[in-house]
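The values are calculated or read from the model by the stated rules, or taken from the named source; none is laboratory data. Keep in mind it's a predicted model, so treat the numbers as computed, not measured. Cβ placement follows ideal geometry from the backbone for every residue including glycine, while neighbour counts extend to all protein chains displayed. Note: areas computed on protein heavy atoms with side chains; ligands, DNA, RNA excluded. Shrake-Rupley method; radii C 1.70, N 1.55, O 1.52, S 1.80 Å.
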Amino acid sequence: MTGLARVEDAALLTGQGRFLDDLDPLPGTLVAAVVRSPHAHARIRSVDLDRARSHPGVAAVIGPDEVLATLKPFPLSVKAATPYYPTATDKTRFVGEPVAVVVASDRYVAEDAAELVDVDYEPLPAVVRTDRALQDDAPLLHDQAESNVATDRTFTFGAVDEAFASAAHVVSRSYSFPRYSSTPMECYAVVAEWRDGVDGPEVTAHANFHGPFSMAPVVAGALGLPTSSLRLIVPADIGGSFGIKSAVYPYIALMALASKHAGRPVRWTEDRLEHLVASSSGSDRLMTFEAAVDDDGVVSALRVDLVDNVGAYLRPPEPSTLYRCFGNITGAYRIDAVAIRARAVVTNKSPTGLNRGFGGQQLYFGLERLMDDIATSRGIDPADVRRRNMVTSDAFPYATPSGGIYDSGDYHRALELALDNAGYEQLRKEQRISRDNGEWMGIGLATIVDPSATNIGYVGLATPVQDRTARRGKSGSTEHVRVSVDPQGIVSVLLGSVPQGQGHATVARDVVARHLGLPVEQVRPRVEMDTATTPWTISSGSYSSRFAPLLTSALLEACDRLADTIKVAASVLLQVEPAALELADGMVRVSDDHERAVAFRHAAGLVHWDPGSLPDGCSARLYEEAAFSPPQSKAASLTDQINSSLCYGFVADVVVVRIDKQTLQVRIESVSSVHDAGTILNETLLEGQVHGAMVQALGGAMFEEMSYSDSGQPTAGTFMDYLCPTAAEACFPLTSAHQETPSPLTRLGAKGCGEGSSMSLPVAIANAVADALAPEGVQITSLPLHGNVLHQLLNATNGD
Amino acid sequence: MKAAPFAYVRPGTVQDVVAELARDGAKVLAGGQSLVPVLAMRLGRPSTLVDINAVPELDRLSRDNGSIRVGATVRQRRLQRDDLSASVPLLRLALPWIGHREIRSRGTVCGSIAHADPAAELPAVASCLDATMLLTSTRGQRQIAAAEFFTGALTTVIEPDELLTEVLFPVAGPGEGFGFGEFARRHGDFALAGAAVRVRTTGDALQARVTCFGISDQPVTADVTAQLRAALAEVGPSPTGSQLRRGLAERADEVAADVVDTSGDGHASTAYRRRLVAGLLAREVSRAYLTSTSASEVSAS
Ligand SMILES: Cc1cc2nc3c(=O)[nH]c(=O)nc-3n(C[C@H](O)[C@H](O)[C@H](O)COP(=O)(O)OP(=O)(O)OC[C@H]3O[C@@H](n4cnc5c(N)ncnc54)[C@H](O)[C@@H]3O)c2cc1C
């Protein structure tokens, strides 16, 4: 564990960051503006590009005809009759959907000409709400589809019906989770060039895309090219994403096409208005949770019905929000039987996708609200309900009914620590006094399993077993790295992990330096992703907290091999067996005689300058690539089970709120949080992740919502209405603590830690508000929670 | 998010400014904190921007004849920090609520009043104090009282060719006390509801006036003397703040029901805004009354 300062900070803080807008990688680049639909749902009668094309300074204008002529629909994750192109073709299906692209000398001219694109729309009735989309008579988004339900699967694991039939109590609740985003500071950016090469068209695209690189073949598929004809280059600096930027990929295809027509490279930089209406967000979800419960509040079985609202298209990797947490759908609890129905509906809203916590905040909002509802209905303290149901520390590795294998943990100890740090018993006493005084004070808990290092094979579950092609399953969570040593013994680490501010370089440097016994200064990480030169695969990318568990494991593998070569070289210099050597303090020394040593750099120098002196059969190789491919990440089984992540951490949050009786403002009085992310690699960075995840959670719980009017107009299309919490809102007192139960499956025992509280804190806040307002008979079943919402809820229960 | 084409001029005198404004489609650019976003979103398309920031005489902040006079380019933050504004306590209470420090450093006092956002603080202060607006054009000058100035959401009596050259805020007199409060979901946001209050106690005479904002298409001023009197009758002549607030609570509900007439939005329904206004009224009228009585004691001694 270390608190090593971030190597990234100096450049970022002095304005030396290199974001795509700072770079001019392809000289002669023109600038694009996107013409977008003002209608939520409309048939496109005609698109006339002539006036825009003849505007001075315009190089090319493309619309649906050009898109259909060259592009194929993006390959979807599931067979569904919802073809998805980077622009509308027959109909527009959400406000902000691209319809045409204008390429011009600069953005001003491009926007002037964009106003000259004449689109004749025939407005159609829109469907926005999930419950409405499920109805038979709802307006149909995709003419070829039978309904707006794009995917519908049911799963049963264990003796669910039997458990419900014999249960003393059944607790059943419906909840809804809102749609929100993470609004990274830097919006989407693409520079793309289409060129006709000897082997057919070649596309080079620079984009602030961070994976999953499974989207590379998706983009190539739309372009009709083999994946290797699409060269994707990601700048070293990305201004945040939290998953949101994975959805820049449709614009890569679109700008490549624009470049084909302009005959020049094309740059498109998304502005904030575009970002807020048409980029991406987490999906909103309607859900029903039902538990078979005994007198003590112990749950024996669950029924879970999830309906995700994915917006206008089943844009890959959707419907993954439904499946990312499949293996941990029973959360932190020992529940052996679960029935799941997983549906996604399309509506006239913007398409959804990855958002920090992906699928977790939605799942746990249901599960953890349910645990509180069980507690309330049985008259048991919410902490006790959790104690009675949580997986015990002697049960690891613990297999969940849906296929998850929890690698390690001690949930009870972590919960007790969170409760102690919060002063839970004392808080309950204070609450009794507050209630006697007529005040609204509440305490909310959430205890969640925090999955990391996704096994992208879960996407396969959306397709029924009989339709999954035999021996063409999907699985995996491979991570690559390349490490090399120069003639001076400086170690370079090539990181294709496409970070967006997490500090990968800092941790990589530290891990390599420790492992090779070098001072950190002797290790130089370089962040670079160029699919033509950087090792990568389908699962590459920065998502699902993969870096700490996977990339560091790959690093060690590469370092081990380098160390072997260095030891052989040193053995030549020291005339001892390589096996007798160890690396420490920048030296290669004899393990039981530290005086006999050579500098690491001399050993490295020998390999570079005098490979002839190496023993026979030893190749003079001082660069190593490693791919860490955990065998535990398998494709979905024939019984539809999947270990959907490699590692499973744990979070316990305890939140205290007070609600002002006049303004109904919810004030967070304190948060106590315990994270178990396995071995801690860097305390400062981990704590940073905790804080960031909490602020994101706070946004979703109390401030942010991508709301729409019933006609499908976004009602939070600027930062005047889409309210991100600021420093003023985020400064609640926090006691954050950590527990370390190392993962046996990763080299350092580290699990991911980038998402935890973004999954747990929204529901912990909801539980606290529900607890505060329990005396008023108010039920909390959705977010966000702010004065206006509470006013409605209180008045509804007062009957006026 | 790029503005449509426009011409830009930066005259050095008021005379040249109003000459430019006499042309069709010309618009004043002051601090730009409201206008520039409007341009960037192409919600407004002036043919010419008349930048007034190079006119020295518009940058004056002075006091005369019982008023402080604020010129057209005086920034909100300058007024907040200048000693002069101490003589208009309501300004001192209200200015910190405008956006964030960065916004106040650029945004002008006159610009906020000319822009007339229904949720803005300064139009409410101007209304509550009955400030005077000085308008200049090639046709001459006119003075308009706040009560006649605001005509609707983002609209005032300013004609397209007129420049708001100065705002005159009356300095506080003896026995005057003030209150100001607002509620927003986040620190620095435009208010969902707000209230500016002036209470005057001289001897037995009592006068209380509130201007609410964020609750209608323009600031709404109401005389609440009767309500304050009634509350005082109930809780006694020298109440504590919380006693007086409780005395005012129900009466504040009635005032709020009257003044709030927006249709509401996702951040606050009409009913919720009424609840907020009622709370603010009870608190700020009580605060203003208590400072007015201590102010009159001070001035009597
Ligand atoms: C993030 C943010 C938060 C904000 N929060 C608040 C807030 O909480 N409360 C609040 O009140 N305001 C807020 N504002 C607005 C800010 O106070 C503006 O400064 C003010 O509304 C306009 O002043 P300005 O000098 O910037 O005017 P400009 O933006 O330059 O002009 C605004 C309009 O007034 C006209 N105009 C300006 N000056 C004159 C004049 N002298 N004569 C005639 N017409 C004129 C212009 O032509 C234009 O139509 C916020 C702004 C931002 C960007």
| task | Pull up segment B:86-127, narrow it to residues that are open to solvent by 50 Å² or more (accessible area, probe 1.4 Å) and within 14 Å of chain A (Cβ to nearest Cβ), then point me to the one that is nearest to the ligand (Cβ to nearest atom). | result | B:I103
| Cross-chain or 6+ apart pairs with Cβ under 6 Å, segment B:150-167 first and away from every other protein chain (no Cβ under 14 Å) and within 11 Å of the ligand (Cβ to nearest atom), then open to solvent by 60 Å² or more (accessible area, probe 1.4 Å) and not in a loop (DSSP other than H, G, I, E, B) | none
| Just checking, which of A:A167, A:A163 is part of a loop (DSSP other than H, G, I, E, B) and closer than 30 Å to A:A292 by Cβ? | A:A167
| remark: If we ask which residues in segment B:237-254 are touching a helix residue (DSSP H, G or I) at 6+ places or on another chain (Cβ under 6 Å) and either away from chain A (no Cβ under 13 Å) or among the basic types (K, R) (or both), their number turns out to be 6
| query | Among A:L230, A:L273, which is of a type in the set (A, V, I, L, M, F, W, C) and either at pLDDT below 95 or open to solvent by 30 Å² or more (accessible area, probe 1.4 Å) (or both)? | reply | A:L273
| message | Among the residues in segment A:731-740, are any in a strand (DSSP E or B), open to solvent by 20 Å² or more (accessible area, probe 1.4 Å) and among the hydroxyl-bearing types (S, T, Y)? | response | yes
| message | Can you say whether A:L664 is assigned to a loop (DSSP other than H, G, I, E, B) and under 30 Å from A:L793 (Cβ atoms), as far as the supplied structure shows? | response | yes
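Yes/no matrix, rows are residues, columns are (1) closer than 30 Å to A:A383 by Cα; (2) among the hydrophobic types (A, V, I, L, M, F, W, C); (3) open to solvent by less than 30 Å² (accessible area, probe 1.4 Å):
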{"site": "A:I433", "(1), (2), (3)": "yes, yes, no"}
{"site": "A:N437", "(1), (2), (3)": "yes, no, no"}
{"site": "A:S452", "(1), (2), (3)": "yes, no, yes"}
{"site": "A:G457", "(1), (2), (3)": "no, no, yes"}
{"site": "A:Q466", "(1), (2), (3)": "no, no, no"}
{"site": "A:S477", "(1), (2), (3)": "no, no, yes"}
{"site": "A:V512", "(1), (2), (3)": "no, yes, yes"}
| said: So the check is Cβ under 9 Å with 6+ separation or different chains; which pairs have a first residue in segment B:1-22 that's within 14 Å of another protein chain (Cβ to nearest Cβ) and a second one that's surrounded by fewer than 17 Cβ atoms within 10 Å (Cβ to Cβ) and of a type in the set (D, E)? | reply: B:K2/A:D106; B:A4/A:E115
| Going by the structure shown, is A:A216 open to solvent by 10 Å² or more (accessible area, probe 1.4 Å) and either under 23 Å from A:G541 (Cβ atoms) or aliphatic (A, V, I, L, M) (or both)? | no
| field | Among the candidates A:P762, A:P742, residue that is outside the structural domain of A:R36 (by TED's automatic domain parsing) and closer than 23 Å to A:A446 by Cβ | value | A:P762
| Got at least one residue in segment A:339-354 being touching a Pro at 6+ places or on another chain (Cβ under 6 Å) and under 30 Å from A:T92 (Cβ atoms)? | yes
| Within segment A:1-48, can you find the residues that are of a type in the set (G, A, S) and open to solvent by less than 60 Å² (accessible area, probe 1.4 Å)? | A:G3, A:A11, A:G17, A:G28, A:A32, A:A33, A:S37, A:A40, A:A42, A:S46
| message | Please verify whether A:A652 is away from chain B (no Cβ under 14 Å) and open to solvent by 10 Å² or more (accessible area, probe 1.4 Å), treating the condition exactly as stated. | response | no
| remark: Here, helices (runs of 4 or more DSSP H) confined to segment A:217-324 with at least 2 residues that are in contact with a helix residue (DSSP H, G or I) (Cβ under 7 Å, 6 or more places away or on another chain) are A:249-262, A:320-323
| field | Options B:A193, B:A184, B:A172, B:A222: the member that is within 14 Å of another protein chain (Cβ to nearest Cβ), within 25 Å of B:S112 (Cα to Cα) and more than 12 Å from the ligand (Cβ to nearest atom) | value | B:A193
| field | Yes/no for B:V259 being away from chain A (no Cβ under 11 Å) and at pLDDT 95 or above | value | yes
| query | Can you name the number of the only condition in (1) more than 16 Å from the ligand (Cβ to nearest atom); (2) open to solvent by 50 Å² or more (accessible area, probe 1.4 Å); (3) not hydrophobic (A, V, I, L, M, F, W, C) that A:D721 fails? | reply | (1)
| request: Go through segment B:12-45 and count every residue that is more than 13 Å from the ligand (Cβ to nearest atom) and surrounded by 15 or more Cβ atoms within 10 Å (Cβ to Cβ). | output: 2
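Conditions (1) more than 15 Å from A:E479 (Cβ to Cβ); (2) without any contact (Cβ under 8 Å) to a residue 24 or more places away in the chain; (3) not in a loop (DSSP other than H, G, I, E, B), marked per residue:
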residue	(1), (2), (3)
A:S542	no, no, no
A:E557	no, no, yes
A:I566	yes, no, yes
A:V572	yes, no, yes
A:E595	yes, yes, yes
A:H608	yes, no, yes
A:S637	yes, no, no
| Where residues in segment A:579-602 are within 42 Å of the chain's Cα centre (by Cα) and of a type in the set (G, A, S), which of them is surrounded by the most Cβ atoms within 10 Å (Cβ to Cβ)? | A:G586
| request: Output the residue which, of all residues in segment B:262-292 that are charged (D, E, K, R) and open to solvent by less than 30 Å² (accessible area, probe 1.4 Å), is nearest to the other protein chains (Cβ to nearest Cβ). | output: B:R273
| said: Take B:R200 and tell me if it is more than 13 Å from the chain's Cα centre (by Cα) and either within 14 Å of the ligand (Cβ to nearest atom) or within 30 Å of A:P725 (Cα to Cα) (or both). | reply: no
| request: Kindly indicate the residue of segment B:46-81 that is among the charged types (D, E, K, R) and closer than 23 Å to B:G181 by Cβ and also surrounded by the fewest Cβ atoms within 10 Å (Cβ to Cβ) among those meeting that condition. | output: B:R81
